[in-house]
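Everything on this sheet refers to the single structure shown next.
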Amino acid sequence: MEKNVFDLLEERGLIAQVTDREIVRDLLGKEKITFYIGFDPTADSLHVGHFLQMMVMKHMQAAGHRPIALIGGGTCMVGDPSGKSDMRRVMPKEEIDANAEKFKTTMRKFIDFSDGKALMLNNADWLLNLNYVDFLREVGFHFSVNKMLSAEAFKVRMDRELGLSFTEFNYMVMQGFDFYHLFKEFGCKMQFGGNDQWSNILAGTELIRKKDGKDAFGMTFNLLTTSDGVKMGKTVKGAVWLDPEKTSPYEFFQYWRNINDADVANCLKLLTLVPLEEIAEYEKRGGSAYNEAKERLAYTLTELVHSKEDAELALKTSRELFSGAAHSESMPTTQLPCEKLTDGKINILDLLVAVKLAPSKSEARRLVVQGGILVNEEKVESIDASFEQSAFKDTFIIKKGKKSFLKVTI
RNA sequence: GGGAGUGUUCCCGAGUGGCCAAAGGGGGCAGACUGUAAAUCUGUUGUCAGUGACUUCGAUGGUCCGAAUCCAUCCGCUCCCA
């Protein structure tokens, strides 16, 4: 007999909260259901946080359930206050639409949308034309402000004496309405989401019960956090994106390759399909087995998100660079515009700024002074060092610190 | 609507007329050590030229030889009362 997808999700440590554990497990075991996960198009690409949700969809779809990927074109106009300590800026409509389009492209890589095996909807379609007064009477009526305020998402804002606008306060109501709408129109019985979505999901199940007296269910997944509780997928440069235009496959690979020991097992469990026994094996061996585990993680994810070729290339590049074989076709490359050169050469500081390894000349100066810059494996000793145009004809690799490599061409 | 606070560099947070590019912590970056890990230690962390100059302390305008610091107006946020 086929394994219950609920058990599978639970084994991998994905499940955080369930409205009713037994009932949901039972339901998923014997019925093919329709469920939805919402994605707010607040950025022009999905990031690793979303990836977790997509893996869940994948698992569910594999088990025969029908996913609805709901693009929050409507809710996004309002902005989810959950987990945000700042007030959200209000995004222009055009930007939201453009982002939603990009999301679709990326999602198709993971989910099979053919023949109605999965749906992609945009809640702008039903939220934008709501009549305010009707909405208040039919939906708003069922929400208790007292109760809403006790939700974790709002409490944080209140306790820390931060602002919460009326607009944001309504986000929960809108999301609740989404669920109700999908329940009515598509027979959608479950909503999934990150654990920060718990109260928003409950808003939906309760609305369905109050309006129609029927049961719907919700389940949340553990957020992808590091062992110190920080949200994963953030770097100084910003989030780790799934769009190769924003985060190259090599950078993506390196992000996972460089992850903390303490987080590897968890990531393998949550984000990949690597069998649990193998993960346990890595953990048992400890020590440098972590490096194998990290490589496996990085490779698997790059393959899933990008392609097998990208994964191979990133792996090869990574190995070559870190083993000292300082040449590779696949490493990040920047082309230096000719006009940056004066009299056929360029100073090291100007070069670093020009190829964006340093944001300012002061920063570049510091890097060189502190011995953090190597060109073709040779330390740049002086800030007065400069390079002739001919130097760029051959391999010209700048190494910044231990982990950033950049090939420069002209 | 009335009253009380508050707004500082990436973040938190000191500073309350010149010695302030601004303490301290966090974070970042680099160096040492390592396993492309963690922990630890060291340096560094506005910009541009290197004993200097320039821009910055919510915004604008003022006082003063001189303002993050004083005054005025405005804007944002918080709390209390209505």
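Starting from 0.36 nm per residue, how many nanometres of slack lie between A:K308 and A:E292 once their C-alpha separation is accounted for?
3.9 nm
Quick one: putting +1 on the C-beta of Lys and Arg, -1 on the C-beta of Asp and Glu, what dipole do you get for chain A around its Cα centre, in Debye to the nearest 20?
Dipole size: approximately 340 debye.
Give me the percent of Cα-Cα pairs in chain A that sit more than 30 Å apart, rounded to a whole number.
Result for the distance tail: 50 percent.
Starting from the alpha-carbon convex hull of the range A:168-254, give the projected area averaged over all orientations, in nm².
Value for the range A:168-254: 8.1 nm².
Which value, in Å² and to the nearest 10, is the accessible area of A:T333 when all protein chains are kept and the probe is 1.4 Å?
Using a 1.4 Å probe on the heavy atoms, I get roughly 70 Å².
Tally up the carbon and sulfur contribution to the accessible surface of chain A as a whole percent, 1.4 Å probe, everything protein left in place.
Carbon and sulfur atoms account for 49 percent of the accessible area of chain A.
Highest mean first, how do A:387-399, A:117-129 rank when packing is the count of other Cβ atoms within 10 Å averaged over residues?
A:117-129, A:387-399
Placing +1 on the Cβ of each Lys and Arg and -1 on the Cβ of each Asp and Glu in chain A, which of A:S165, A:F405, A:I383 has its Cα farthest towards the positive end of the resulting dipole?
Positive-most Cα among the choices belongs to A:S165.
Please give the FRET efficiency for A:N129 paired with A:L8, using the beta carbon to beta carbon distance and R0 = 45 Å, rounded to the nearest 0.05.
Efficiency computed from Cβ-Cβ geometry: 0.70.
With a 1.4 Å probe and all protein chains kept in place, how do A:W198, A:W256 rank by accessible area, largest first?
A:W198, A:W256
Calculate the spin-label point distance for A:D261 paired with A:K109, positioning each point 7 Å from the Cα along the beta-carbon direction, and give it in nanometres.
Going by the 7 Å Cα→Cβ label model, 3.2 nm.
Once both labels are modelled 7 Å past Cα along the beta-carbon direction, what's the A:Q370-A:K214 spacing in nm?
6.1
Students sometimes get this wrong: rank A:K379, A:K104, A:K155 by accessible area, probe 1.4 Å, all chains present, largest first.
Listed by decreasing accessible area, they come as A:K379, A:K155, A:K104.
Give the Rg/Rh ratio for the range A:302-410, taking Rg as the radius of gyration of the Cα atoms and Rh as the Kirkwood radius, to two decimals.
1.00
Can you compute the FRET efficiency between A:A385 and A:V230 using 1/(1 + (r/R0)^6), with r the Cβ-Cβ distance and R0 = 56 Å? Round to the nearest 0.05.
Result of the calculation: an efficiency of 0.90.
Order of A:69-78, A:106-115 by packing, highest average Cβ count within 10 Å first?
A:69-78, A:106-115
Take the residue pairs A:K246/A:K407; A:K345/A:K399; A:K117/A:K189; A:K147/A:K231; A:K102/A:K246; A:K3/A:K102 and return only those whose Cα atoms are more than 23 Å apart.
A:K147/A:K231; A:K3/A:K102
How much FRET efficiency would the formula 1/(1 + (r/R0)^6) give for A:E278 and A:E31, where r is the Cβ-Cβ distance and R0 is 35 Å, rounded to 0.05?
So the FRET efficiency works out to roughly 0.65.
The values are calculated or read from the model by the stated rules, or taken from the named source; none is laboratory data. From a predicted model like this one, the values you see are computed outputs, not experimental measurements. All Cβ positions, glycine included, derive from the backbone under ideal geometry; neighbour counts span all protein chains shown. Protein only, heavy atoms only, side chains kept; ligands, DNA and RNA dropped before computing areas. Shrake-Rupley method; radii C 1.70, N 1.55, O 1.52, S 1.80 Å.
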